[in-house]
Amino acid sequence: QTQLHQHPPAKLKVECLEVLKGLQSHVHGWVFNGPVDPVDLGLHDYFDVIKRPMDLETIQKRLENGCYHELKGFGGDVNLTFDNAMLYNPEGSVIWNMAKELKDKFCVDFENLARKANTAGCLSSDFSDILSLSEFSDDTGK
């Protein structure tokens with residue numbers, strides 16, 4: 001069993017929150033900071049298309065409550081937030097472009113976080129295989 005599957009150290013939790021705050025405070029972050037309200041927004045087919053809704057506020061609560069026991073779970077949920085937006089909204093739309101920009105930012109930030117965690121001995125030496133960013137892609141192939 002690698003260290004990746006154990007509860008992350010407090011420092012790692014703080015680092016994840018720091019990465020998350022960077023997304024939340026981004027100029028486009030407001031779009032993803034709370035759950036989508038399909039009724040309010042008139043998105044009647046939202047739950048037909050999006051099977052696992054996710055948003056940055058929910059991720060923050062999960063982080064603060066110690067719900068993530070591995071870095072991979074945190075990364076997966078953040079990517080799910082943006083993948084959902086890119087799945088529901090047409091490519092090239094304002095929301096799709098915002099989601100793509102934030103997802104790209106997160107990929108860089110997450111890679112840096114994983115490297116930092118590995119250097120600090122928080123993850124096993126083979127973390128790059130375990131944390132392959134392709135694992136975070138949704139089933140749409142995006």
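The values are calculated or read from the model by the stated rules, or taken from the named source; none is laboratory data. Quantities reported herein were computed from a predicted structural model and do not represent experimental measurements. FYI the Cβ positions are ideal-geometry reconstructions off the backbone, even for glycines, and counts take in every protein chain you see. The accessibility values were calculated without ligands, DNA or RNA, using every heavy atom of the protein model including side chains. Shrake-Rupley method; radii C 1.70, N 1.55, O 1.52, S 1.80 Å.
Converting phi to 3J(HN,Hα) with the Karplus coefficients 6.51, -1.76 and 1.60 and the offset θ = phi - 60°, region 100-106 yields 4, 4, 6, 5, 4, 4, 4 Hz in sequence order, with x at every glycine or proline.
Just check region 28-111 against the gyration tensor rule for me: Cα atoms, a ≥ b ≥ c as the square roots of the eigenvalues, rounded for a/c under 1.5, and otherwise prolate or oblate depending on whether a/b exceeds b/c. Oblate, because a/c is 1.5 or more while a/b does not exceed b/c. Here the 3J(HN,Hα) profile of region 40-46, calculated from phi with Karplus coefficients 6.51, -1.76 and 1.60 at θ = phi - 60°, is 4, 8, x, 9, 5, 9, 3 Hz, Gly and Pro shown as x. Measuring only protein heavy atoms, the 1.4 Å probe finds His28 accessible over about 40 Å².
Taking 0.36 nm per residue of sequence separation and removing the Cα-Cα distance, the Arg115/Leu17 pair yields an extension gain of 33.7 nm.
Summarising the label geometry, the points placed 7 Å from Cα in the beta-carbon direction at Ala10 and Lys51 lie 3.9 nm from one another. In order along region 21-32, the Karplus-derived 3J(HN,Hα) couplings, from 6.51 cos²θ - 1.76 cosθ + 1.60 at θ = phi - 60°, round to 4, x, 6, 5, 8, 4, 3, 9, x, 4, 5, 10 Hz, and Gly and Pro are given as x.
Each part reduced to its alpha carbon centroid, region 42-65 and region 72-92 end up 10 Å apart.
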